[in-house]
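Structure, as structure tokens:
The values are calculated or read from the model by the stated rules, or taken from the named source; none is laboratory data. In this text the structure is predicted, and so the values were computed from the model without any measurement. Every residue, glycine as well, gets a Cβ built from its backbone with ideal geometry; the counts of neighbours run over all protein chains shown. To get the accessible areas, we keep the full protein, side chains included, count just its heavy atoms, and leave off ligands, DNA and RNA. Shrake-Rupley method; radii C 1.70, N 1.55, O 1.52, S 1.80 Å.
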Amino acid sequence: MDTEELLELIQNHYESEVLDFKENLDFADEIGQYISALGNSAILSGNEYAFLIWGIKDVTKELVGTAFNPWTAKAKQKSRENASAQMPLITFLEKMLDPRLDLKFEEHQVEGNRIVSLTIEVKRANQPIKFSGVEYIRSGSSKEKLQAFREKERAIWKALESKKFELEVAKANLTWEQVRQLLDVEYYRDFLGISSWSEVIQSMIDDHVLLSDGDNQRISITNLGAFSFARRLSDFENQIANHAMRITKYDGAAKYSTVTSDYKSGKGVILGFEKMIEHIMALVPKVEKYDALRENIYQFPQIAIRELVANALTHQDFSISGQSPTIEIFNNRLEVANPGVPLIKVDRLLDLPPRSRNEELASLFFKFRLFEGRGTGIDKIMNAIELTEQPAPQIIESGNSTVVKLKGRKKFSDLTQDEKNEIVYWHASLKYIEDEAINNASLRKRFGVPETQTAAITRVIASASDAGLIKPYDATVGKKFMKYVPFWAN
């Protein structure tokens with residue numbers, strides 16, 4: 001924004017749902033809330049940008065200048081003192097805003113006054129903008145929590161639907177023969193058992209894979225179509241290929257270990273999904289199991305890996321550039337990461353209704369049976385891990401990414417206290433949604449320990465209870481018969 005554009009903005013506009021004036025506001029939490037409120041209002045009103053400008057009185061629009069310096073400011077907060085107070089302000093904002101936005105601070109000299117402007121670009125946002133986990137909205141010239149305005153929240157989601165990455169055009173004005181060269185439409189037809197090409201075209205239009213001019217003479221391929229069914233992702237823009245899964249195998253337990261395999265599929269993710277799973281399982285370490293027969297089994301259950309890969313692909317945040325979903329395989333663990341933080345609190349993934357960041361892509365995965373059921377992926381992952389008596393998956397929000405770590409099986413005595421607590425919590429959550437409560441006996445089975453370890457399991461229960469992860473199902477019964485449920489259970 002040059003000075004002339006800034007003056008036009010100031011002179012011709014009062015504070016609005018996408019524009020706010022401040023003098024010296026420098027509290028990081030308030031700035032973040034304003035960014036969320038202004039950004040969501042911009043989405044709602046169909047604007048690609050919102051603006052926050054320092055050095056101007058909010059009513060008279062008098063130029064007074066500002067001492068605010070976003071490039072040197074620290075992330076001090078009005079509400080409380082905390083460790084982030086020493087973090088650079090801009091770093092803090094980028095970390096606490098979800099999804100990641102393009103924020104551009106600029107300094108201007110206007111009539112002898114120092115003015116600072118912030119341009120908030122929202123055109124790549126694919127969900128309402130949160131700051132510190134909370135969504136805000138402008139109501140007139142004030143900011144409010146979005147949850148108090150359900151109609152506006154629904155309208156924002158509707159506005160986002162119309163400009164989602166999946167639905168944007170990847171290649172336009174093609175003939176049907178050109179589409180067939182770019183997409184594996186035969187796979188689509190054969191899998192769904194469709195007989196005629198006209199039905200295939202209509203089905204692909206209904207699935208948002210194609211767009212048509214009405215008589216199917218000129219057809220466009222959407223990003224969703226290219227990402228899912230491209231014969232070669234390289235035939236499309238890099239922004240599509242960059243979101244494919246990358247698989248890396250290390251010869252050790254750290255990222256500085258030697259890389260023994262580095263793979264990225266060149267096909268659409270639905271076409272290449274099964275081969276991708278086969279490739280991952282070939283790299284997963286195997287462990288020996290001694291029963292009646294000696295056999296090698298995978299260190300991590302295939303069903304858990306399958307669900308994690310499908311979730312990472314379908315729930316990634318396409319608005320984050322420079323990041324792709326990744327699988328990293330070490331000799332003691334497997335990590336799955338995807339751009340974008342969870343839309344549901346991590347500790348409530350089992351019980352709260354599922355939310356998909358990319359509904360059309362998730363629907364295609366379900367239609368082509370890459371998901372066994374909608375919203376049941378985390379259940380299958382946790383259940384598979386329980387059956388193999390492995391530590392509970394660790395689910396982490398890391399910057400703008402979600403990381404899930406699968407760890408190899410450990411003896412009970414080798415588990416950390418945090419790992420024991422996590423096992424108890426997820427065991428209680430899984431059983432609760434099955435309408436059951438847990439007790440000492442069920443946890444002994446979960447940990448794979450004999451009855452002689454009853455006292456040790458009692459201490460584990462006490463630790464998880466003290467951590468606020470579980471609570472008694474009925475506090476009036478004696479300890480010998482006590483059962484437990486997750487902290488959120490009714």
- request: Jot down the per residue volume, in cubic angstrom and as a whole number, of the convex hull over the alpha-carbon atoms of region 268-423.
  value: 131
message: Please report the antiparallel percentage of DSSP beta bridges with both residues in the chain, rounded to the nearest 5.
response: 90
- line: The alpha-carbon center of region 185-232 and that of region 443-490 are separated, in whole Å, by 53
field: Rg ratio (alpha-carbon, reference 2.2 N^0.38 Å) - region 364-490
entry: 1.13
Charge context of Gln394, other residues only, Cβ under 11 angstrom, K/R +1, D/E -1: -1
query: So which of Lys410/Lys445; Lys445/Lys483; Lys78/Lys104; Lys407/Lys471; Lys255/Lys407; Lys275/Lys367 end up more than 21 Å apart, counting from Cα to Cα?
result: Lys78/Lys104; Lys407/Lys471
- request: Indicate the gyration tensor shape class of region 162-297 (rounded, prolate or oblate), computed on the Cα atoms with a ≥ b ≥ c the square roots of the eigenvalues: a/c under 1.5 is rounded; otherwise a/b larger than b/c is prolate and the rest oblate.
  value: prolate
message: With viscosity set to 1.306 mPa s at 10 °C, what whole-number translational diffusion coefficient in µm²/s follows for the chain from Stokes-Einstein and a Kirkwood radius over Cα pairs?
response: 62
Packing-based order for 223-236, 190-203, using average beta carbon neighbours within 10 Å, highest first: 223-236, 190-203
query: If you project the alpha carbons of region 240-356 onto their three principal axes, what span does each projection cover, largest first, in Å?
result: 49, 35, 30
- line: Whole-percent carbon and sulfur contribution to the accessible surface of region 262-373 (1.4 Å, no ligands, DNA or RNA) stands at 51
- request: Please give the per residue accessible area of the chain, computed with a probe of 1.4 Å over protein heavy atoms only, in Å².
  value: 48
- prompt: Name the trypsin sites (Lys or Arg not before Pro) in region 91-196 that are in a loop by DSSP and that have at most 16 other C-beta atoms within 10 Å, would you?
  reply: Lys123, Lys163
message: What is the sum of charges, Lys and Arg at +1 and Asp and Glu at -1, for the other residues whose Cβ falls under 13 Å from the Cβ of Glu422?
response: +1
task: Please turn the phi angles of region 87-93 into ³J(HN,Hα) values with the Karplus equation 6.51 cos²θ - 1.76 cosθ + 1.60 (θ = phi - 60°), one per residue in order, whole Hz, x for glycine and proline.
output: 7, x, 4, 5, 4, 4, 4
- line: Measuring from the longest principal axis of the C-alpha atoms of the chain, the long axis of helix 269-283 (C-alpha) lies at a number of degrees, nearest 10, equal to 50
- request: Can you tell me the equivalent ellipsoid semi-axes for region 1-82? Use √(5λ) from the Cα gyration tensor, largest first, whole Å.
  value: 22, 17, 11
query: Do any GluC sites (Glu not before Pro) in region 411-476 lie in a loop, going by DSSP, with at most 11 other beta-carbon atoms within 10 Å of their beta carbon, and if so which?
result: Glu434
field: Segment Ala455-Glu111, extension gain: residue separation times 0.36 nm, minus the distance between their alpha carbons
entry: 116.2 nm
- prompt: In units of 2.2 N^0.38 Å, what is the alpha-carbon radius of gyration of region 79-179?
  reply: 1.49
- prompt: Along region 448-461, what does the Karplus equation 6.51 cos²θ - 1.76 cosθ + 1.60 (θ = phi - 60°) give for ³J(HN,Hα), rounded to whole Hz, x for Gly and Pro?
  reply: x, 10, x, 4, 5, 9, 4, 5, 5, 5, 4, 5, 5, 4
- request: Counting other Cβ atoms within 10 Å, keep those with at most 14, restrict to DSSP loop, and tell me which GluC sites (Glu not before Pro) in region 99-148 are left.
  value: Glu111
- line: Sorted on mean Cβ neighbours within 10 Å (highest first), peptides 303-313, 408-418 come out as 303-313, 408-418
task: Would you work out the charge dipole size for the chain about its Cα centre, treating the Cβ of every Lys and Arg as +1 and the Cβ of every Asp and Glu as -1, and quote it to the nearest 20 debye?
output: 1880
- prompt: Which translational diffusion coefficient, to the nearest whole µm²/s, is obtained for region 304-393 from the Stokes-Einstein equation, given a Kirkwood hydrodynamic radius over C-alpha pairs, 4 °C and 1.567 mPa s?
  reply: 93
field: Estimated Rh, region 121-178: Kirkwood, alpha-carbon pairs, angstrom
entry: 13.7
- prompt: What's the local net charge at Val485, with K and R +1, D and E -1, over the other residues with C-beta under 12 Å away?
  reply: -2
- request: Determine how large the accessible area of His315 is when every protein chain is in place; take a 1.4 Å probe and give Å² rounded to the nearest 10.
  value: 50
field: Point-to-point label distance, Asn242-Trp197, nm (Cα→Cβ direction, 7 Å offset)
entry: 3.5
